[in-house]
Amino acid sequence: MRIGISVVTHDGQNIWQNGLGQNVIFLAEVFGRLPFVRSVVLIDVGDQRAMPAPVDLDALNLRIMTLREATDEVDVVVEMGGALDIQWLDLMRARGKKVVFYCCGQPYVGLAEPVVFNKPTHAARPDRCDEVWLLPKDALLAPLMRTLHRCPVYEVPYIWHPQFLEQRIQELTAHGYEYGYRDRASDDDVGEGLRVAVFEPNISVVKASSIPMLICDEAYRENSGSVKAIHVLNTLHMKDHMTMLHFANSLDLVRQHKATFHGRHDIAGFMVQHANAVVSHQWGNDQNYSYLDVLYGDYPLIHNSPWLRDAGYYYPGFDILEGARQLLRAATEHSDGIDDYRKRSKRVFDDINPFSGRNLEMYADRLRHLCEATPFPVKKGGA
């Protein structure tokens with residue numbers, strides 16, 4: 001079996017601009033470890049014909065090619081990192097190839113927000129694929145996707161590996177920075193509260209900074225020694241909006257000059273210089289690589305992701321008071337409880353390891369099911 005996964009390349013691309021670029025590579029590595037997969041290629045719908053610098057295609061045994069080049073090189077097409085040409089997909093299916101739409105974005109928001117907020121979007125013909133694969137975070141939306149795309153919808157494992165984060169950590173170490181939480185008893189700002197970062201992208205209601213800002217302000221009102229500073233990233237495009245101005249200026253942290261607003265930064269590079277805790281919020285999108293980057297560094301993560309209920313510091317839904325309580329707890333207890341914190345994080349990492357036997361077998365099963373009507377040679381002993 002030969003598999004092609006779509007990617008979109010562009011000038012100035014960065015592996016940290018979103019989680020999708022990493023997710024494509026993790027999936028390609030999973031497929032590459034299955035004994036019945038002969039080759040995996042990346043099908044570029046962009047204009048660079050190259051992946052960002054941290055991605056070593058040779059080491060990963062991956063090739064990148066155009067649609068035309070991939071026509072005779074793949075048996076299964078996974079539309080994931082970039083939208084593929086509909087006529088090409090029709091051609092491939094007419095030739096007996098299988099097409100999967102691997103949906104990583106939040107499906108309902110992807111349909112509703114472009115219309116409600118007049119946002120640019122790409123709308124491909126829904127009936128272009130043989131199956132839709134959804135992540136666990138979107139399992140409730142399977143009926144929506146089944147009706148829209150007129151084909152079966154299946155849940156697949158959420159996978160992550162720290163390989164890209166570890167490369168970034170090595171870069172920072174070479175410049176004299178240390179990634180990871182340090183006991184504030186030995187830090188320069190001992191007793192001065194946490195330096196909180198908020199990394200929500202602020203391009204959708206799914207992941208926005210409003211609730212984290214309120215959580216930090218509530219904790220600060222309760223105990224001004226708990227928060228030394230708050231850094232709100234990805235906000236420069238909103239800084240002159242009247243709603244944002246009125247909202248921000250209502251907060252004690254802003255009034256007392258403890259809040260700073262920034263553009264986009266990668267988590268590791270920002271944390272080593274400016275912050276030692278993260279407060280986050282999501283709405284119907286509870287699996288996020290940024291959470292994992294934070295947990296990997298043992299930093300306090302105050303979050304409302306039910307998926308991570310047993311890791312970090314969890315508060316439910318929009319419960320700002322409980323979020324503030326968890327932030328206050330992190331400010332006073334994190335250093336003493338870091339060993340247990342680390343163990344709980346490791347259980348998460350083990351569960352989503354792309355190369356665990358369980359996850360490899362689940363993806364192998366999905367491929368076997370997809371292609372059961374089109375037999376491919378399978379080595380004895382399967383995945």
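Derivation of every value follows stated rules applied to the coordinates shown; laboratory data play no part. A quick note: this is a predicted structure, and the numbers were derived from the prediction, not measured. Cβ atoms come from the backbone with ideal geometry, glycine included; neighbour counts cover every protein chain shown.
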Task: Rg over Rh [alpha-carbon atoms, Kirkwood Rh] for segment 163-350 - done: 0.93
Task: In Hz, Karplus ³J(HN,Hα) per residue of segment 3-19 (6.51, -1.76, 1.60; θ = phi - 60°; x = Gly, Pro) - done: 10, x, 10, 6, 9, 10, 9, 7, 5, x, 5, 9, 5, 9, 5, 6, x
- [ ] Per DSSP H run of n ≥ 4, the term is -39500 (n - 2.57); total these for the chain, divide by its residue number, and report the mean residue ellipticity at 222 nm rounded to 500 deg cm²/dmol.
- [x] -10500 deg cm²/dmol
Open item on the list: Whole percent per 10 Å bin, from 0 to the bin with the longest distance: what is P(r) over all C-alpha pairs of segment 64-172?
Closed with: 12, 37, 31, 17, 3
Task: Positive-pole candidate from 10, 101, 287, dipole of the chain, charges at beta carbon - done: 101
Task: Cα-based reach from residue 137 at 18 Å (exclusive), listing lysines while leaving out same-chain residues under 8 positions away - done: 207
- [ ] With a bin width of 10 angstrom, please list the P(r) values of segment 142-248 as percents of all Cα-Cα pairs, from the 0 bin to the one holding the largest distance.
- [x] 11, 24, 29, 24, 10, 3
Open item on the list: Using a Förster radius of 30 Å, what is the FRET efficiency between residue 142 and residue 33 based on their Cβ-Cβ separation? Nearest 0.05, please.
Closed with: 0.65
- [ ] Can you tell me the order of 321-327, 116-122 when each peptide is scored by its average per-residue count of other Cβ atoms within 10 angstrom, highest first?
- [x] 321-327, 116-122
Task: Kirkwood Rh and Cα Rg combined as Rg over Rh, evaluated for the chain - done: 0.99
Task: Candidate aspartates and glutamates - alpha carbon under 16 Å from residue 239, same-chain residues fewer than 8 apart omitted - done: 200
